[in-house]
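The values are calculated or read from the model by the stated rules, or taken from the named source; none is laboratory data. The structure displayed is predicted, hence computed values, not measured ones. Cβ placement follows ideal geometry from the backbone for every residue including glycine, while neighbour counts extend to all protein chains displayed. Just so you know, the surface numbers come from the protein's heavy atoms only, side chains and all, with ligands and any DNA or RNA stripped out. Shrake-Rupley method; radii C 1.70, N 1.55, O 1.52, S 1.80 Å.
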Amino acid sequence: MSDVLKFLNGYSAKINVMIERLDNGCRPEPWRRTGWWVIEPGGSAVAYGGDLADVNRYWYWFAFATDGRKWSGPFPENVPHSVFDWCPDVASSPSMNIGMRELDVNGADDKVLRLVQ
């Protein structure tokens with residue numbers, strides 16, 4: 001593996017994935033949100049290409065499948081339905097409220113998350 005954050009779809013339906021990562025160029029908060037990677041069953045997508053630990057120890061992500069299944073967590077965020085790559089001072093309508101999961105890379109250069117039932 002080579003310094004990436006990669007998602008694998010081990011689920012039976014198409015999955016949409018978004019991430020949030022530290023970006024000191026963003027204002028007023030240093031967090032960049034990017035999505036949606038659409039991943040077919042059995043497919044994969046690289047959500048970030050680079051050394052994860054060099055960016056930050058903690059990353060955040062959310063995914064949902066076309067059949068309604070969600071991989072969510074306790075960290076709230078508001079994101080658009082369409083493809084996006086933005087800092088906190090950007091907004092879009094219509095949007096949806098989600099709950100992201102935290103990913104602790106704990107010094108790892110790369111990480112593969114396999115989304116399954």
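Points to keep in mind about this one:
- Residues with amide H under 5 Å from that of ASP23, placed H, sequence gap 5 or more: TRP31, ARG32
- What you get for the chain, charging only the Cβ of Lys and Arg (+1) and of Asp and Glu (-1), is a dipole of about 380 debye around the Cα centre.
- Measuring with a 1.4 angstrom probe and ignoring ligands and nucleic acids, LYS14 comes out at about 70 Å² accessible.
- Taking other residues whose beta carbon is less than 13 angstrom from the beta carbon of ALA108, and scoring Lys, Arg as +1 and Asp, Glu as -1, yields -3.
- Rolling a 1.4 Å probe over the heavy atoms of the protein chains gives region 1-48 an accessible area of 46 Å² per residue.
- Within-14-Å neighbourhood charge of ARG32 [Cβ basis; K, R +1; D, E -1]: -3
- Nearest-20 debye value, region 59-117 charge dipole, Cβ charges on Lys, Arg, Asp, Glu: 300
- Local electrostatic count, LEU52, Cβ distance below 12 Å [Lys/Arg +1, Asp/Glu -1]: -2
- Relative packing of 79-87, 54-62, which averages over residues the other C-beta atoms within 10 Å, highest first: 54-62, 79-87
- Candidate cross-link partners of LYS70 among the lysines, defined by an alpha-carbon separation under 17 Å and a same-chain spacing of 8 or more, comprise LYS14.
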